[in-house]
Amino acid sequence: MTLMYSLGVNAPLVPIAAHHSPEEVIAHLSSRLETHGNNTTLLLRRADEWRVLGEPSKAANDYEHALKLEAMNPLAYLGLARTRISQKRYRDAIKMAKRGVALVDTPDAQAAFHAIVASAHAEMNNHPSALVAWKAAIDCERPEVDWFLGQARTLNNLGLHPAARDALLAARNRNPSVVLQRAWIDSLILCGDFQIAERQIDAGLQRSHWKSSWLLQRAKLRVARNELILARQDAAAALKEIAIRTTPDVENPLLEQQQHVAQSLVLKLSQAGPISNSSGN
Amino acid sequence: MRKCLFVAVCFAFVLVSARSHLVCADGTASAKSDQPKIYRGPYLQCATTESIAIVWRTSTDIDPVVRYGVSPDNLEFELQGDQIIRRMSVDVAAVSDAPIARANLLYDEPLGLGADRSPNDRDPSTRPGTRQYEAFATGLAIGTRYYYGVYDGDELLAGADAEHHFQTLPKTDEATDLRLWVVGDSGTGGSDQKLVFQAMREFSASSRIPDYFLHVGDMAYGDGADEEFQSNFFDIYQSTLRNTVCWPAMGNHEGHTSRGISQFGPYYDAYIVPTASEAGGVSSGTEAYYSFDIGRTHFICLDSHDLDRSPNGAMAQWLMSDLEVVQADWLIAFWHHPPYTKGSHDSDREQQLVEMRTFIMPLLEAAGVDLVLAGHSHIYERSMLIDGAYDTPTVAEGVVVDDGDGNPSGDGPYRKSAGLQPHNGTVAIVAGHGGGGVSRKGTMPIMREIVVENGSLIIDLHEDTLTGTMIDRSGNKRDQFQIIKRGVVEHSPISNPWQPKHDLSQITEHVVTWDSSFEGRLPPKWQLLDDRAGRMSIERRAGTPYYQAVVTAAEGNLIAIYDGIDGPINECQVYLEFVRSEAPAGLVLGWQDANNYCSLHIDQTTERALFYVVRGGERKALSDRKIDVDFSEPLKIELEPVNQIVEVQINDEIEYTVNLDQPLKAGRLGIEAERGAKIRFAGFTIEKARP
């Protein structure tokens, strides 16, 4: 796998055997490193596996080792920068990402490093710098949906809610993904653009056969409007619908996430008053 | 991502990479004057209720025009100019007078990626001199058949006859009779693929021509290269593609050159699919996964190959939103990696398959999915009516809700409630038998029909009844099932359902094993080409109860041939370990005699894998690659011959295709060790091809 591919598509840095657990792969790689000595590719590979296992210290050691062998390896910088983020060592992450970005020459390849810089600044609440980096990341041909979402979060953290809203709208104009639309509606609620948000939600409810995610979004809107009883009704209606769509004792990871949010809202708003029979859309 | 009308056009003009294509003095690729101007298409894409895309390619510049109308004799409407998007190979763009937007460049292998390619490997880039035209007809009448012709100015290039027609999608609020043709893993360009296609055509000719074509991936072996799309997909199916929209899912072989996130590569050049809910559903913003409605049937296509399949990934989030809006009578989902299979792949062991089962299936069944179609595994497997089968390994107990055969002439159709009701039963089908060699590793307990034979699936939808019919390559009807959705039907899981017999005669896998009775000697069915060159004997592997073969080539090159299997195979696999590394050793394939065979040699000293053919006594290297593997452990080597290619896998990590200079003749298998090599091997496994 080439650098261009790895940076461009955010794929695993090197091919990973689909049939083996990370532990098995690490044991395999360690044995190879013992037999054959230091090898950048093997070290990067093992570092990636450590990251998958949630062992950032070990991952960082391998990335650093790889950089000692090959100081101009952008993949090692990328991996190390990502690891530093997971270790909450944000300044190091920025330093590594800035070194890495200097080693690649296309906007698409640079975008991944800019996104790391942005994430690190955002984590340090250094939102102005994060914003600059998000803009740099997004200024490539094919920005990821996640980067648009990150930029919006940063703008919100700067108190620039209208700018976040507008950025998400602009993102939607570049990419019609419904995932961006839903984030935009959240930003409308945050901006107090209740009517536009309500229209979007109503349209979603109207259009949808299954409504739980829209009911939960309307519950948020209603909380913002201090319509707490109505908000609780929406959350309860969402719970009821999720129960219809799921089978007890059979896992459904995504619907269970919604269920958890709805339960929390119902609990949080339990003091708001009784639930009427006319809930839902 | 590219060309979709609904995505903002990128105005970043590009510098075209300097590649060494053969070009004429005017900068365009040469084309013989007697060749037809169109070399791909015309074919149809991205149908909606009011629009369609007509796509074709030429090797020379033309003045593209499409004329269409409701009668082949009266093509009263015309598309030209800005209504036709022009895309091109980089050599054409390089000499263009006008700047060319990046989105309009056809795939060119990124610099550096070709480094590992041997001279015999196919260049995956677009054929030099290519112009691709994408004409978008809009404002069409719903559910209406139009005829069309493609022109160079006024010169007719194709169509304007009864065979070139398209149909806009029907109204989504009315039930419509539909026939779908479902094919997977077809892209060999070989005789089985052609027989499967012919069988479908003959079956359809006497009943109904398919309205739509669903391809569940692996349509262009071995690497999804542009020329492989041409020879193994477009050249084969053109008589259907000119009047039938193909809705594609990307397979892992297309994934060798195409990428889901950034949506580039020959696969994405070939297809135009809805990204902004043009044909129903909600906007995905990507061509990697999408949905569309045909009448009262909602279709969902996913990328199981190279995108995040987890619940928090963008694809699952989109799927969730899409399923919320579905208000159809039928729901059909398709992708490449099957959630349930024991064909040439094992859904209990492989990550992509496990994730599609555990993360994606619950969402679909919560929305009442009726059919899940996949490929990847080279077999036909059709389940009973199931629900909630997400565990690994897959078991039948408690997840089968109707264990009949679903056949109207047998146990009767499966029954479901009208509309889309959560967890009301799903039929999962693996249709990976469209052309590649078929095989079976084991028995998936939820399956009702398992057929190890090439073929394809016809799905008919008529009011509240869905009928699936599997036609094999000889035109025989090998399976039929029905789902009737009427009234309210409640199911309960069956605690001890019918299960398919684990019929060993149907298992195509042949495993060579030894026990203590063979210790210290050459096992039966093995012969050494020259027993003076060295020896082969069986010994117990230290610390284990298992026996392995030890081959020592002390005095010369040693070839050990296995006589237990003769004839065509789909795959062979061996675990090979170097005891001494002075010389290469490897696996022999297609053995005719000492002067005619193929071999994959692994050289531990140079860390290279060399694939060569010996023909008429002359040895010719077809592939020579650097491999990064751990030689202190046994290497898992797999060879999969498909028509004129051999798929090579080492340790499940390294995967590539060797293009042969002529089709591989069926022959015996064996082990080859060059003088000085000492190796051990075990797990010698052969998947026989069905006759």
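The numbers here are math on the coordinates, done by the rules we state, and not lab data. Bear in mind the structure is a predicted one, so any value in this text is a computation, not a measurement. Counting neighbours? That spans all protein chains shown, and the Cβs are built from the backbone with ideal geometry, glycine included.
Some notes on this structure:
- Counting, for every residue in B:269-277, the Cβ atoms of other protein chains within 10 Å of its Cβ and taking the mean gives 1.
- Principal-axis tilt of helix A:145-157 within chain A, Cα atoms, nearest 10 degrees: 70
- Cross-linked pairs B:Lys441/B:Lys620; B:Lys194/B:Lys688; B:Lys194/B:Lys620; B:Lys665/B:Lys688; B:Lys525/B:Lys665: Cα-Cα separations exceed 25 Å for B:Lys441/B:Lys620; B:Lys194/B:Lys620.
- Peptides B:246-257, A:204-215, A:165-176 ranked from most to least packed by the mean count of surrounding Cβ atoms within 10 Å: B:246-257, A:204-215, A:165-176.
- Approximating the spin labels as points 7 Å out from Cα along Cα→Cβ, the B:Thr465-to-A:Thr41 distance works out to 5.8 nm.
- Rounded to the nearest 20, the Cβ-based charge dipole of region B:413-516 about its Cα centre (Lys and Arg +1, Asp and Glu -1) stands at 180 debye.
- Alpha carbon centroid spacing (whole Å) that separates region B:303-341 from region B:363-377: 8
- FRET E, pair B:Lys665, B:Asp411, Förster distance 35 Å, beta-carbon r, rounded to 0.05: 0.20
- Remark: mean inter-chain Cβ contacts per residue of A:203-213 equal 4, using a 10 Å Cβ-Cβ cutoff to other protein chain atoms.
- Inter-label distance, A:Ala170 to B:Ala205: 6.0 nm, where each label sits 7 Å from its Cα along the C-beta direction.
- Cα gyration tensor, region B:510-576 - rounded (a/c under 1.5), prolate or oblate: oblate
- Shape class for chain B, computed from the alpha carbon gyration tensor (a ≥ b ≥ c): oblate, with a/c not under 1.5 and a/b at or below b/c.
- Total formal charge among the other residues, if their Cβ is under 12 angstrom from that of B:Asp293, Lys/Arg +1 and Asp/Glu -1: -3
- From most to least packed by mean Cβ count within 10 Å, the peptides B:310-323, B:653-666 give B:310-323, B:653-666.
- Extending 7 Å from the Cα toward the beta-carbon at both A:Ser270 and B:Thr606 defines two label points whose distance is 7.4 nm.
- Sequence-distant residues sharing a close amide H with B:Arg448 (under 5 Å, placed H): B:Arg382, B:Ser383, B:Met384
- Per-pair calculated FRET efficiency, R0 = 51 Å: B:Glu163 and A:Ile196 via Cβ, rounded to 0.05: 0.50
- For region B:138-159, the residues whose backbone nitrogen is under 13 Å from a point 7 Å from the Cα of B:Gln238, taken along Cα to Cβ, are B:157-159.
- Degrees between helix B:191-205 axis and first principal axis of chain B (Cα, 0 to 90, nearest 10): 30
- In sequence order, calculated HN-Hα J values of region B:285-302 (Karplus, 6.51, -1.76, 1.60; Hz; x Gly/Pro): x, 8, 8, 6, 9, 6, 9, 7, 10, 10, x, 9, 10, 9, 10, 10, 10, 10
- Shape analysis of chain A based on the Cα gyration tensor places the equivalent ellipsoid semi-axes at 42, 24, 16 Å, largest first.
- Ellipticity estimate at 222 nm from DSSP helix runs (n ≥ 4, -39,500 (n - 2.57)) divided over the protein assembly as shown, nearest 500: -8500 deg cm²/dmol
- The distance from the alpha carbon centre of region A:57-92 to that of region B:126-162 is 53 Å, rounded to a whole number.
- Using θ = phi - 60° in the Karplus curve 6.51 cos²θ - 1.76 cosθ + 1.60, the 3J(HN,Hα) couplings for region B:514-524 round to 10, 10, 5, 5, 9, 4, x, 9, 6, x, x Hz; x is entered for Gly and Pro.
- Relative contact order [Cα under 8 Å, 6+ residues apart], chain B, whole percent: 11
- What the Cβ-Cβ distance of B:Asp652 and B:Arg145 gives, at R0 = 60 Å and to the nearest 0.05, is a FRET efficiency of 0.80.
- Under 5 Å, built H, 5+ apart or other chain: amide partners of B:Arg608: B:Asp603, B:Ile627
- Straight-line cross-link partners of A:Lys211 among the lysines, defined as a Cα under 22 Å from its Cα and at least 8 positions apart when in the same chain: A:Lys220, A:Lys240, A:Lys268.
- Taken one residue at a time, the phi angles of region B:495-512 give Karplus couplings (6.51, -1.76, 1.60, θ = phi - 60°) of 6, 9, x, 4, 9, x, 6, 7, 8, 4, 5, 8, 7, 8, 7, 10, 10, 8 Hz. Gly and Pro are set to x.
- Summed residue charge, Cβ within 14 Å of A:Asn173's Cβ, Lys/Arg positive, Asp/Glu negative: +2
- Environment charge at A:Arg245 (Cβ cut-off 14 Å; Lys +1, Arg +1, Asp -1, Glu -1): -4
- Relative to the longest principal axis of the Cα atoms of chain B, helix B:314-325 runs at roughly 40 degrees.
- Separation of alpha-carbon centers, region B:403-459 and region B:492-512, rounded to whole Å: 14
- Inter-chain Cβ neighbour average for residues B:139-150, partner chain, 10 Å: 0
- The H on the amide N of B:Lys416, modeled in the peptide plane, is under 5 Å from the matching H of B:Ile484, B:Lys485, B:Arg486, each at least 5 residues off or on a different chain.
- Protection proxy ranking of B:510-518, A:144-152 - average other beta-carbon atoms within 10 Å, highest first: A:144-152, B:510-518
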